[in-house]
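Beneath this line is the structure, given in structure tokens, with notes to follow.
No value in this document is a laboratory result; all are computed from the given coordinates. Fair warning: this is a prediction, and the values are worked out from it, not measured in the lab. With ideal geometry, Cβ positions are generated from the backbone for all residues, glycine too; neighbour counts draw on all protein chains shown.
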Amino acid sequence: MSVELFHADNSDFFDVLSLRCCAADAVRGSSLISCAEQGDRSAAIALKVGFWPFVREFEFAIDQQHLSRQVLVAGFGEPRVRRVFTGIARAVREMKQEEGSHSAHWMRDAQCLGVSDFGGPCVAGVQALIDRAHMKDLAGFFGTLAGTELIAEELSRYLVESRRFTDLFSRRRWMWGEVHLLADDGPSHLDIDLDLARAYGPTASGVEIGQGVLDTIALFARAADDVVAALLPELV
């Protein structure tokens, strides 16, 4: 799918490889996630239950965000803004049709793991992620989305390849992870998020926007530690 973005040089503007490496390090350095990867059922359940409040709320946060076009029109002109937004909306709609609801996949996978009670505590780190997803600053908001997408991709890459992890599920698959590894026909979620973060923060450098991405990644690592402390204290 050919979709126009606001910038054609995002691959040069952002150090995506470095950002991705930081996300991979956060995923693989987590005791919660590494234990789940090794086939620890309690860790897998803690992952699914502990992060459920964020997974559930994240889609709401995206749907409720008001995307002002004023700053974009000032920088790019009304015709270009209309054209880019139309293309992005179509691309995201087709991604949703192909991938389905991420929160629905998360819940269904948890049920295949034997989880029936999602009423566990919302730990401080997870609540901080929820709060960050509701920020009104749009450059920061899309930087948060980019950080979340990088964590989702690296988490999926790490766990989908682990038979010890996937064999814990009744259908021997982790569908939430699989949908995050689907090849994109055109710009990916990450491409769109970074492009919009740059469009809404026209005076920010790639390093400055990237720092917001890194802050989100670090918050995921903190949230994973908080889930361990609350649900798996024996790992602390």
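Okay, here's what the table says:
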read-out: Only Lys, Arg (+1) and Asp, Glu (-1) charged, at Cβ; the chain dipole about Cα centre in debye; value: 500 debye
read-out: Model label zone, E161; criterion: amide N under 19 Å from point 7 Å along Cα-to-beta-carbon; scope region 19-58; value: 19-40
read-out: Gain upon complete extension [S205, A89; 0.36 nm per residue less C-alpha separation]; value: 39.2 nm
read-out: Modelled FRET efficiency - R0 45 Å, E234 with D185, Cβ distances, 0.05 increments; value: 0.50
read-out: Calculated FRET efficiency for the pair A128/E4, C-beta based, R₀ 22 Å, to 0.05; value: 0.05
read-out: Kirkwood Rh in Å, taken over all unlike Cα pairs in region 140-236; value: 15.2 Å
read-out: Fewest-first ranking of C112, C35, using other Cβ atoms within 10 Å as the exposure measure; value: C112, C35
read-out: Cα-based radius of gyration of region 24-90 once divided by 2.2 N^0.38 Å, which approximates compact folds; value: 1.81
read-out: Total formal charge among the other residues, if their Cβ is under 12 angstrom from that of L214, Lys/Arg +1 and Asp/Glu -1; value: -3
read-out: Ranked F6, F142, criterion: other C-beta atoms within 10 Å, fewest first; value: F6, F142
read-out: Cβ-Cβ FRET estimate between D15 and R171, R0 fixed at 30 Å, reported to 0.05; value: 0.20
read-out: Whole-number Å³ per residue for the convex hull built on Cα positions in the chain; value: 113 Å³
read-out: Environment charge of P233, counting only residues whose C-beta is closer than 15 Å and scoring Lys/Arg +1, Asp/Glu -1; value: -4
read-out: In nm, spacing of pseudo-spin labels at Q64 and K136 (7 Å Cα→C-beta vector); value: 1.4 nm
read-out: For the chain, calculated [θ]222 nm from helices alone, where every DSSP H run of n ≥ 4 adds -39500 (n - 2.57); value: -22000 deg cm²/dmol
